[in-house]
1. Could you list, in sequence order, the residues of the range 105-132 that are of a type in the set (Gly, Ala, Ser), over 29 Å from Pro176 (Cα atoms) and within 17 Å of the chain's Cα centre (by Cα)?
2. Before we move on, is Leu175 within 12 Å of the ligand (Cβ to nearest atom) and assigned to a loop (DSSP other than H, G, I, E, B)?
3. So, Val145, is that one modelled with pLDDT under 95, among the aliphatic types (A, V, I, L, M) and more than 27 Å from Ala26 (Cβ to Cβ) or not?
4. Take Asp71 and decide whether it is over 21 Å from Gly127 (Cβ atoms) and surrounded by 14 or more Cβ atoms within 10 Å (Cβ to Cβ).
5. Provide a single number: the residues in the range 114-134 that are within 9 Å of the ligand (Cβ to nearest atom) and either among the charged types (D, E, K, R) or in contact with a strand residue (DSSP E or B) (Cβ under 6 Å, 6 or more places away or on another chain) (or both).
6. Given the conditions (1) near the ligand (Cβ under 8 Å from one of its atoms); (2) touching an Asp or Glu at 6+ places or on another chain (Cβ under 9 Å); (3) of a type in the set (Asp, Glu), which single one is not true for Glu107?
Amino acid sequence: MRRPPAPYDADTRLGELVVSEDEISARIAQLGKEITADYAGRAPLLVGVLKGAFVFMADLARSLELPIEFDFMAVSSYGSATKTSGVVRIVKDLDLDLTDRDVLLVEDIVDSGLTLAYLRRNLIARGPASLEVCALFVREGNAAVDLDLRYTGFRIPPAFVVGYGLDVDERYRNLPFVAVYQPG
Ligand code: 5GP
């Protein structure tokens, strides 16, 4: 089992290292090349889902050699701290108009896919020219709906993880890697 690097290894709530900082940056460089090629000649609008996607969005955006624009929306899903119900409330809406834009929705992690399914319906209704999804992490085996992800960073095992934007009660978002969270 891999452990988080020092000094984070002293935190007993952090379990197995799932994806290292180097693995994340290598994968984002690959995704950046792929997306740059796919969107050549176009100016996509990246839509980030706050708060979790902000770290990924910042690194992904700098790997794209395209004239991109950004926007963000914040959603809160009803449910317990570690399980979503699929009922989503928009806490902060987009500032920009999506009409005829090539929209790339940037997600931190897709678990059941219920949050994504809601967002996809919501954004499609605004009349974009295209809508694709780039998710850094997808949890294996939990999808309740067809995910239809154009770009995926990593498939990860069924444990609750933190770091690289992902939190527990707003903590751990700034870890440069992703590790299993093990309370108590
Ligand atoms: P879904 O609707 O796909 O079940 O859940 C997606 C949302 O749940 C993510 O955007 C994220 O906010 C949260 N989530 C799912 N799995 C994890 C996890 O392992 N760690 C953290 N911190 N959040 C998660």
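1. Within the range 105-132, no residue meets the criteria.
2. Here the answer is yes, as Leu175 does meet what is asked.
3. In short, yes.
4. In short, no.
5. Residues in the range 114-134 being within 9 Å of the ligand (Cβ to nearest atom) and either among the charged types (D, E, K, R) or in contact with a strand residue (DSSP E or B) (Cβ under 6 Å, 6 or more places away or on another chain) (or both): 4 in total.
6. Result: Glu107 passes all but (2).
Residue-wise test of (1) in a helix (DSSP H, G or I); (2) in contact with a His (Cβ under 8 Å, 6 or more places away or on another chain); (3) more than 30 Å from Arg150 (Cα to Cα); (4) of a type in the set (Lys, Arg).
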residue: Arg3; (1), (2), (3), (4): no, no, yes, yes
residue: Ala6; (1), (2), (3), (4): no, no, yes, no
residue: Thr12; (1), (2), (3), (4): no, no, yes, no
residue: Glu23; (1), (2), (3), (4): yes, no, no, no
residue: Arg42; (1), (2), (3), (4): no, no, no, yes
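The values are calculated or read from the model by the stated rules, or taken from the named source; none is laboratory data. Predicted, not measured: the structure shown is a model, and the values here were computed from it. Every residue, glycine among them, receives a Cβ derived from its backbone with ideal geometry; neighbour counts consider all protein chains shown.
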